[in-house]
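*Asks:* My structure is below; once you've seen it, I'll send some questions.
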Amino acid sequence: LENLQPEIKALAERLRWEVSVRGKRVGWSQEAARFHFKKNLRRVVTELYIRDNCHPFKATVLLWVQVPLWVCVSLALRNCSVGAKAPEVQEQLSAGGALWFTDLTAPDSTWVLPVSLGLVNLLIVEV
């Protein structure tokens with residue numbers, strides 16, 4: 001999108017000139033000329049988005065999918081580890097670890113998992 005801005009600006013200036021010339025020739029009012037300029041600029045920008053396959057909605061779709069998913073997974077993990085009603089779930093989680101974390105209900109005292117999770121998420125965002 002940022003790479004298209006100079007091209008959009010140049011096309012907008014040319015379109016503004018064309019609309020003003022056409023408006024003077026046909027006798028459009030200021031509002032009619034503005035309407036035709038905006039309509040044609042939207043069409044031109046849409047064609048550029050299609051040509052370069054970079055619609056602005058594509059940049060936000062990840063946010064609209066990832067945030068609700070993250071909230072649901074966080075709540076589900078919290079309910080599994082802290083708010084479990086059945087004692088067998090607590091027993092399974094307290095005995096089901098690996099390596100240095102043998103109890104999944106205890107906080108990580110070494111901070112290896114939270115830091116590595118944060119770094120992996122940063123790497124995903126940067127890539």
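*Asks:* Give me the 1.4 Å probe accessible area per residue for the range 4-127, excluding ligands and nucleic acids, in Å².
*Replies:* Ligands and nucleic acids excluded, the figure is 81 Å² per residue.
*Asks:* Under DSSP H, which helices of the chain have Cα atoms covering 27 Å or more of the helix axis and a Kyte-Doolittle average no less than 1.0?
*Replies:* Once both thresholds are applied, what remains is 56-81.
*Asks:* Going by average Cβ neighbours within 10 Å, how do the peptides 42-51, 67-76 rank, with the highest at the top?
*Replies:* 42-51, 67-76
*Asks:* So, one more: Points 7 angstrom from Cα along the Cβ direction at residue 8 and residue 91: gap in nanometres?
*Replies:* 6.1 nm
*Asks:* Once you sort the root eigenvalues of the Cα gyration tensor of the range 57-126 as a ≥ b ≥ c, which label holds: rounded (a/c under 1.5), prolate (a/b larger than b/c) or oblate (the other case)?
*Replies:* oblate
*Asks:* If R0 is 35 Å, what FRET efficiency do you get for residue 51 and residue 71 from their C-beta distance, rounded to 0.05?
*Replies:* The formula returns an efficiency of 0.45 here.
*Asks:* Spin-label point model (7 Å from Cα, Cβ direction): what's the residue 26 to residue 43 distance in nm?
*Replies:* Each label point lies 7 Å from its Cα, and together they span 1.0 nm.
*Asks:* Relative contact order of the range 57-126, please, whole-number percent, based on alpha carbon pairs below 8 angstrom and at least 6 residues apart.
*Replies:* Value for the range 57-126: 15 percent.
*Asks:* Hey, another quick one. Calculate, in nm to one decimal, what residue 120 and residue 80 gain on full extension: separation in residues at 0.36 nm each, minus their alpha carbon distance.
*Replies:* 12.1 nm
*Asks:* Would you indicate which of [x] 13.8; [y] 9.6; [z] 13.1 is the value of mean projected area of the Cα convex hull in nm² derived from the coordinates of this structure?
*Replies:* From the options [x] 13.8; [y] 9.6; [z] 13.1, the structure gives [z].
*Asks:* Per-residue counts of other Cβ atoms within 10 Å, averaged by peptide: what ranking do you get for 4-14, 109-119, highest first?
*Replies:* 4-14, 109-119
*Asks:* Once you have the Cα-Cα distance between residue 58 and residue 113, take 0.36 nm times their residue separation minus that, and quote the gain in nm to one decimal.
*Replies:* This chain segment gains 16.7 nm when fully extended.
*Asks:* Taking 35 Å as R0, compute the FRET efficiency from the Cβ-Cβ separation of residue 127 and residue 35 and round it to 0.05.
*Replies:* Step by step, r from the Cβ atoms, then E = 0.20.
The values are calculated or read from the model by the stated rules, or taken from the named source; none is laboratory data. Keep in mind the model is a prediction, meaning the values are calculated, not measured. Because the Cβ atoms are built from the backbone with ideal geometry, glycine has one as well, and the counts that use them run over all protein chains shown. Surface accessibility is based on the protein's heavy atoms, side chains included, excluding ligands, DNA and RNA. Shrake-Rupley method; radii C 1.70, N 1.55, O 1.52, S 1.80 Å.
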